[in-house]
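Below you'll find the structure, written out as structure tokens, and then a few comments.
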Amino acid sequence: MMLITSCQEKENKQKIETSTSSGKGNVTEEIISQVHNYSSTPMYSLQMNKHGCKLVVEMENNVDYRLVENNGESTIIPLNAMITSSGKQTLKIKIYPKDGEQFLTKYAHVQINIFNAPTKESGLKDYKKIAEFTLPQHLEAQKLPYYEQSVDFEAVVPFDYSKELASAADLSKIKNIEDLVMSNYKQVKEICEKSDVAAYNKLSSHPSALVYNTTYTSLEDIKKDQQSNRFGIVDNNLKNRTFLPIEEYYMQFYANNKIVALWQKNHHPALYMKGENASDKEVEGGDPLFLYIPTGSSELKAW
């Protein structure tokens with residue numbers, strides 16, 4: 001997730017902790033009730049480097065992760081949270097021109113490596129490269145507004161979220177799905193604008209538990225993490241906080257239409273804000289919001 005970070009003054013931090021402490025406890029308990037303990041902890045990670053373009057990597061049966069700034073970017077993320085179950089995995093690599101450019105240029109470069117390690121405690125020497133991708137050269141002559149390629153690899157994991165997705169509603173069959181999604185986004189935007197940390201953490205309980213499960217996070221570390229006050233876009237310590245209106249967007253379905261999200265036309269999250277930190281430095285960022293309707297429910301919830 002792309003989250004804003006800023007320095008937090010002690011007095012403001014204490015006020016927020018006091019106002020949300022009870023909510024945090026309930027949310028933490030709710031998350032812990034969804035967490036499992038696995039005897040095996042295989043890890044998969046994704047190393048991404050790009051410049052001269054925008055990059056989106058989407059797991060075929062799950063969601064995506066984005067490097068969509070106009071400048072060069074490089075990161076390594078745990079890939080486990082994008083894997084739903086053991087078996088063949090297909091990673092869709094989507095590459096777009098930078099803002100202001102119509103086609104991919106000769107300066108566009110993308111390098112992706114996928115690694116596997118036997119356990120969570122494995123050292124770097126134990127990580128094995130199992131798949132890779134490099135953007136082909138000389139694409140500029142083709143005047144491409146978009147380039148996509150898939151990379152397959154095998155994964156063996158102890159968790160299984162595929163059944164939960166399989167039983168979820170097919171969102172593409174809901175006639176007013178866009179209105180429902182927009183309504184949900186506006187509600188979350190209002191929570192963020194009010195800096196309602198407790199409410200934001202509560203609606204994020206499922207994705208939080210999913211990440212903790214797939215990365216084999218201990219109960220002790222979960223409790224510490226829930227108390228760490230990583231407020232992100234809910235942070236009211238930023239000055240002049242303004243959220244972009246959710247107007248210029250597109251809606252995207254994932255995982256055979258079981259998950260949906262809204263994105264700005266420039267591929268940034270629809271929930272996106274700008275502000276200034278304590279040093280008057282401009283900061284901005286967004287938080288992806290993936291939604292689904294689990295079996296037994298009629299409401300959109302965060303995946």
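Some points to look at:
- Contact order relative to length of the stretch 131-258, as percent, for alpha carbon pairs under 8 angstrom and 6 or more apart: 36 percent
- Calculated mean residue ellipticity at 222 nm for the chain: -7000 deg cm²/dmol, from DSSP H runs with n ≥ 4 weighted as -39500 (n - 2.57), summed, divided by the residue count and rounded to 500.
- Membrane-span-like helices in the chain (whole DSSP H runs, Cα extent of at least 20 Å along the helix axis, mean Kyte-Doolittle hydropathy of at least -1.0): 177-193.
- Based on C-alpha pairs under 8 angstrom that are at least 6 apart in sequence, the chain has a relative contact order of 22 percent.
- Taking the inverse of the mean 1/r over every pair of distinct Cα atoms in the stretch 183-275 gives a Kirkwood hydrodynamic radius of 15.0 Å.
- Alpha-carbon centroids, the stretch 224-302 and the stretch 70-92: separation in whole Å: 19 Å
- With a threshold of 19 Å on the Cα-Cα distance, the over-threshold entries among Lys54/Lys143; Lys98/Lys265; Lys173/Lys301; Lys258/Lys301; Lys54/Lys94; Lys50/Lys120 are Lys50/Lys120.
- Convex hull volume per residue in cubic angstrom - Cα atoms of the chain: 151 Å³
Read-outs throughout are calculated quantities, based only on the coordinates presented, and are distinct from any laboratory measurement. Here the structure is a predicted model, which means the values were calculated and not measured.
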